[in-house]
Amino acid sequence: MSLARIFSLAQRIMRQIIRDRRTLALIFVIPIVLMTLLYLVLSNTTTVYTLALVRPEGVGSERINTLIDQALPGNDKLKTRSIAANQVDSILKNGDADAALVFPSDFMDQFTRGQKPSVQVVLEGSDPNVASVMRQQAEGIARQVGILLTLSRPASDVQGQLPDLKQLPFTLAEPRYLYGGSDYTSTDALAPVFIGIFSFFFVFLLTSVSFLRERSQGTIERVLVSPLKRAELVTGYICGFTLFALVQALVILLFVVFVLRVHYSGNLALVFLVSLLLTIGSVNLGIFLSTFARNEFQVVQFIPLILGVQIFLSGIFWPIKQLPALLQPFTYLLPLTYANDALRSVMLKGMGFTQIWQQLGALLVFALLMVGLSALTMRREVA
């Protein structure tokens with residue numbers, strides 16, 4: 001074994017890496033960018049849920065409302081807002097609250113007459129984890145109100161007996177779910193996200209590597225000697241890659257729904273339309289970025305930057321409203337932000353075209369922009 005030959009080979013590899021700016025960026029710059037982004041997200045993102053309160057009204061309501069305020073945790077643990085009874089569904093649909101605790105308006109009137117008023121928790125329900133946390137929070141607050149109300153009863157009512165703190169002075173009804181239900185699982189909540197990520201990532205990787213191979217093997221030059229015009233060449237490549245990518249997106253969707261059997265509420269055709277627009281954009285993004293790479297390894301260097309940033313900022317793991325204010329504007333530049341929102345709205349909430357047209361419009365703009373950029377770079381390639 002010759003140390004000189006080993007050292008010579010190592011020197012050659014180091015010189016190649018030093019001369020390749022993209023590789024240097026992959027080694028030093030991109031990890032720093034992603035770690036900084038992750039630090040900002042984790043250190044400044046706090047998950048504080050919002051509970052809407054429908055408070056009692058009428059005679060004697062001041063007493064029960066005072067007890068409700070005493071039972072609430074601090075704003076750093078749970079945000080609360082008071083609403084009217086007819087606002088419950090709209091507040092939850094708009095994402096302005098995660099759950100609602102509903103007291104009947106004549107709560108004290110029923111209570112003083114010896115009746116048991118019915119108190120209900122209403123859950124938004126599209127995320128089973130959030131729904132579970134909010135159910136525990138809301139029911140815990142209701143029980144605390146019941147204990148305080150029992151302890152605050154006049155001595156003449158209890159006739160010297162110790163109050164039974166286990167017996168609530170009201171009925172706690174079964175929770176009502178606006179979306180989903182108690183049978184929804186975390187897998188159901190993540191399924192729309194995975195459809196978006198896999199459709200975007202695999203299509204991007206497939207297209208960029210395949211088109212790079214077309215260039216490196218001289219296939220484009222050989223096609224140019226045929227009667228094809230340049231516009232026909234550009235359109236043919238885009239359509240060919242897009243068709244194959246759509247089949248892949250369809251397979252992912254059908255597998256998730258019919259093999260994994262995740263719950264869904266909306267129209268699957270609308271889910272496929274979202275995947276269609278995302279796929280078209282991803283295909284052309286792959287064609288566009290592949291022109292800046294000379295080999296497959298350089299294509300792979302784009303993956304952490306293209307996919308990593310979107311995983312952190314597109315609302316997959318953290319709601320956009322809870323991200324640091326500095327990062328929130330960048331989330332609206334990412335196609336996965338709109339795709340994830342649209343897929344969740346359709347599959348988990350059963351929304352239709354009129355409710356997600358803005359997300360579809362954003363994905364259409366992204367797709368058209370990428371088609372224009374990929375066509376421009378291909379024309380330069382074949383010029």
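Summary of values
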read-out: Options GLY372, GLY308; residue that is at pLDDT 85 or above and either of a type outside the set (Asp, Glu) or assigned to a helix (DSSP H, G or I) (or both); value: GLY372
read-out: Neighbours by Cβ (under 6 Å, 6+ apart or cross-chain): first from the stretch 71-95, touching a residue at least 60 places away in the same chain (Cβ under 8 Å); second in a helix (DSSP H, G or I) and surrounded by 12 or more Cβ atoms within 10 Å (Cβ to Cβ); value: ALA71/ILE141; ALA71/GLN144; ALA71/VAL145
read-out: Residues of the stretch 105-137 that turn out to be closer than 13 Å to LEU53 by Cβ and either free of Cβ contacts under 8 Å to residues at least 12 places away in the same chain or not in a helix (DSSP H, G or I) (or both), as a count; value: 5
read-out: Candidates VAL365, VAL346 - the one that is at pLDDT 85 or above, among the β-branched types (Val, Ile, Thr) and buried (at least 18 other Cβ atoms within 10 Å of the Cβ); value: VAL346
read-out: Check on MET351, outside any helix (DSSP H, G or I) and either surrounded by fewer than 16 Cβ atoms within 10 Å (Cβ to Cβ) or not acidic (Asp, Glu) (or both); value: yes
read-out: Qualifying position, being open to solvent by less than 30 Å² (accessible area, probe 1.4 Å) and either touching a Gly at 6+ places or on another chain (Cβ under 9 Å) or among the polar types (S, T, N, Q) (or both), among ALA71, ALA100; value: ALA71
read-out: Hits in the stretch 304-321 (condition: closer than 22 Å to SER126 by Cα and either touching a residue at least 24 places away in the same chain (Cβ under 8 Å) or of a type outside the set (Phe, Trp, Tyr) (or both)); value: GLN310, ILE311, PHE312, LEU313, SER314, GLY315, ILE316, TRP318, PRO319, ILE320, LYS321
read-out: Residues of the stretch 54-70 satisfying the condition of being within 19 Å of ARG143 (Cβ to Cβ) and without any contact (Cβ under 8 Å) to a residue 24 or more places away in the chain; value: ASN65, THR66, ASP69
read-out: Some residue of the stretch 278-292 being surrounded by 17 or more Cβ atoms within 10 Å (Cβ to Cβ) and not in a helix (DSSP H, G or I); value: yes
read-out: Candidates ASP96, ASP109, filtered to the one that is charged (D, E, K, R), more than 24 Å from LYS321 (Cβ to Cβ) and out of contact with any Phe, Trp or Tyr (no Cβ under 6 Å at 6 or more places or on another chain); value: ASP109
read-out: Any chance ILE356 is under 18 Å from LEU276 (Cβ atoms) and open to solvent by less than 30 Å² (accessible area, probe 1.4 Å); value: yes
read-out: Total residues in the stretch 107-134, condition crowded, with 18+ Cβ neighbours inside 10 Å and under 16 Å from LEU172 (Cα atoms); value: 10
read-out: Pairs, first within 15 Å of THR377 (Cα to Cα) in the stretch 215-243, second open to solvent by less than 30 Å² (accessible area, probe 1.4 Å) and at pLDDT below 75, C-beta under 7 Å, six or more apart; value: ILE220/VAL382; ARG230/VAL382; LEU233/VAL382; VAL234/MET378; TYR237/MET378
read-out: Complete set of residues in the stretch 233-277 that are more than 23 Å from VAL209 (Cβ to Cβ), surrounded by fewer than 16 Cβ atoms within 10 Å (Cβ to Cβ) and not basic (Lys, Arg); value: LEU254, PHE258, VAL259, LEU260, ASN267, LEU268, ALA269
read-out: Entirely in the stretch 1-104, the helices (runs of 4 or more DSSP H) that have 2 or more residues that are under 34 Å from the mean Cα position of the chain (by Cα) and either modelled with pLDDT of 75 or more or hydrophobic (A, V, I, L, M, F, W, C) (or both); value: 30-44, 61-71, 88-93
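The values are calculated or read from the model by the stated rules, or taken from the named source; none is laboratory data. Note that the coordinates shown come from a computational prediction; the quantities given were computed from them, not determined experimentally. Reconstructed Cβ throughout: ideal geometry from the backbone, glycine too, with neighbour counts over all protein chains shown. Ligands, DNA and RNA are stripped out before the accessible areas are found, and what is left, the full protein with its side chains, is counted by its heavy atoms. Shrake-Rupley method; radii C 1.70, N 1.55, O 1.52, S 1.80 Å.
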